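K.L.:
Take a look at this one; I'll ask things after.
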Amino acid sequence: MHFEGKDEFLEERLAKFDNWIKEGKIPTSSKVIPVLESLSGLQWILPTQQAVEILRNMRTFALANCMCRERYNRCDNPLEICILTNDAADQWVAEGKARYVTLDEAKARLKMAHEYGLVHLTFYNPSQYIYALCSCCECCCHDLQFMKKYQRPDLIAHADYVAEVDTNACVQCGACVKRCVFDAQEHNGKSVLFHQEKCYGCGLCVTTCPTNAIGMKLRQKLTRQRF
């Protein structure tokens with residue numbers, strides 16, 4: 001993904017997040033959440049790691065346009081995709097920037113985002129509680145641009161899960177390469193390489209694999225694996 005030069009909007013936002021982190025107001029800018037379909041058993045999942053489980057514990061939900069995609073307009077991904085919760089939802093609805101939705105509607109929007117290959121991220125405010133879930137693309141999302149344009153992977157926290165590959169089941173089709181936002185999957189012209197240390201645990205590769213060769217496991221010591 002190619003990014004143009006100086007971007008004052010991103011740089012001002014980056015400076016704000018750096019100050020919040022330095023002051024201990026937020027742990028990171030965001031955290032990756034694995035998609036629900038990527039995990040085989042709920043007993044393995046912590047509530048904070050899944051978008052649906054996070055939403056179940058919220059009082060209200062509202063749907064708003066992604067302000068990153070509104071600003072950059074670099075793709076045709078869904079625009080009304082950001083889910084606000086509780087007080088943030090109430091405030092945005094009152095200001096006319098969002099509309100209330102049911103839990104089922106919010107879940108359906110997350111499923112649609114997954115089908116488009118978007119990464120689910122939680123967003124924190126300075127009081128360190130989650131106020132939004134957004135489904136992001138690498139061409140517009142400010143956090144993913146921080147990572148790729150400014151080499152700031154520290155601003156996005158890994159999910160507690162990581163992809164793992166059954167090398168016997170892999171057919172080298174490369175579908176996972178096209179799906180991976182974090183460059184963890186790579187085709188070198190002969191075979192597919194999986195750089196597990198780059199995996200953020202979003203799970204998008206799992207549900208695109210035609211042979212079910214990729215699964216998710218709790219993040220442990222990472223190794224580089226070829227398949």
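The values are calculated or read from the model by the stated rules, or taken from the named source; none is laboratory data. Treat the numbers as computed from the prediction; the structure is a model and nothing was measured. We place every Cβ from the backbone using ideal geometry, glycine too, and count neighbours over all the protein chains shown.
K.L.:
Is at least one residue of region 189-198 under 21 Å from R74 (Cβ atoms) and modelled with pLDDT under 90? Reasoning before the result, please.
P.N.:
As a first pass, look at region 189-198 and keep what is under 21 Å from R74 (Cβ atoms): none.
No: zero hits.
K.L.:
Taking the stated definitions as given, is K190 basic (K, R), assigned to a loop (DSSP other than H, G, I, E, B) and in the same structural domain as I214 (by TED's automatic domain parsing)? Steps first, please.
P.N.:
Values: basic (K, R): yes; assigned to a loop (DSSP other than H, G, I, E, B): yes; in the same structural domain as I214 (by TED's automatic domain parsing): yes.
Spelling it out, K190 is indeed basic (K, R), assigned to a loop (DSSP other than H, G, I, E, B) and in the same structural domain as I214 (by TED's automatic domain parsing).
K.L.:
Of (1) in contact with a Ser or Thr (Cβ under 9 Å, 6 or more places away or on another chain); (2) within 28 Å of E12 (Cα to Cα); (3) charged (D, E, K, R), R179 satisfies all except one. Which?
P.N.:
(2)
K.L.:
Restricting the first residue to region 89-102 and requiring it to be assigned by TED's automatic domain parsing to the domain that holds L133 and at pLDDT 95 or above, which pairs with a second residue that is of a type in the set (V, I, T) and part of a helix (DSSP H, G or I) meet a Cβ separation below 8 Å and a spacing of at least six or different chains?
P.N.:
Cβ pairs passing all conditions: R99/V93; Y100/V93.
K.L.:
On to the next question. Out of the strands (runs of 3 or more DSSP E) lying entirely within region 84-168, which hold 3 or more residues that are within 16 Å of the chain's Cα centre (by Cα)?
P.N.:
Details: elements: 98-101, 119-124, 130-136, 161-165.
Strands (runs of 3 or more DSSP E) meeting the threshold: 119-124, 130-136, 161-165.
K.L.:
Would you point out which residue out of L121, L155 is aliphatic (A, V, I, L, M), out of contact with any Pro (no Cβ under 7 Å at 6 or more places or on another chain) and closer than 17 Å to D18 by Cα?
P.N.:
Working: L121 fails: closer than 17 Å to D18 by Cα.
The unique qualifying residue is L155.
K.L.:
Residue under question is C176, and the condition is that it be surrounded by 20 or more Cβ atoms within 10 Å (Cβ to Cβ) and not assigned by TED's automatic domain parsing to the domain that holds I81; does it hold? Explain how you work it out, then say what you get.
P.N.:
Working: surrounded by 20 or more Cβ atoms within 10 Å (Cβ to Cβ): yes; not assigned by TED's automatic domain parsing to the domain that holds I81: yes.
Here the answer is yes, as C176 does meet what is asked.
Matching residues to (1) touching a His at 6+ places or on another chain (Cβ under 7 Å); (2) at pLDDT 70 or above; (3) within 20 Å of I130 (Cβ to Cβ); (4) not assigned by TED's automatic domain parsing to the domain that holds Y129:
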| residue | (1), (2), (3), (4) |
| --- | --- |
| K22 | no, yes, no, no |
| I45 | no, no, yes, no |
| M58 | no, yes, yes, no |
| C66 | no, yes, yes, no |
| R69 | no, yes, no, no |
| R74 | no, yes, no, no |
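K.L.:
Scan region 74-94 and tell me whether some residue there is touching a Leu at 6+ places or on another chain (Cβ under 8 Å), buried (at least 17 other Cβ atoms within 10 Å of the Cβ) and among the charged types (D, E, K, R).
P.N.:
Checked against the condition, which is being touching a Leu at 6+ places or on another chain (Cβ under 8 Å), buried (at least 17 other Cβ atoms within 10 Å of the Cβ) and among the charged types (D, E, K, R), region 74-94 yields no hits at all.
K.L.:
Looking at A169, A184, which one is outside the structural domain of K97 (by TED's automatic domain parsing) and buried (at least 19 other Cβ atoms within 10 Å of the Cβ)? Let's see the steps before the verdict.
P.N.:
Working: A169 fails: buried (at least 19 other Cβ atoms within 10 Å of the Cβ).
Unique residue meeting the criteria: A184.
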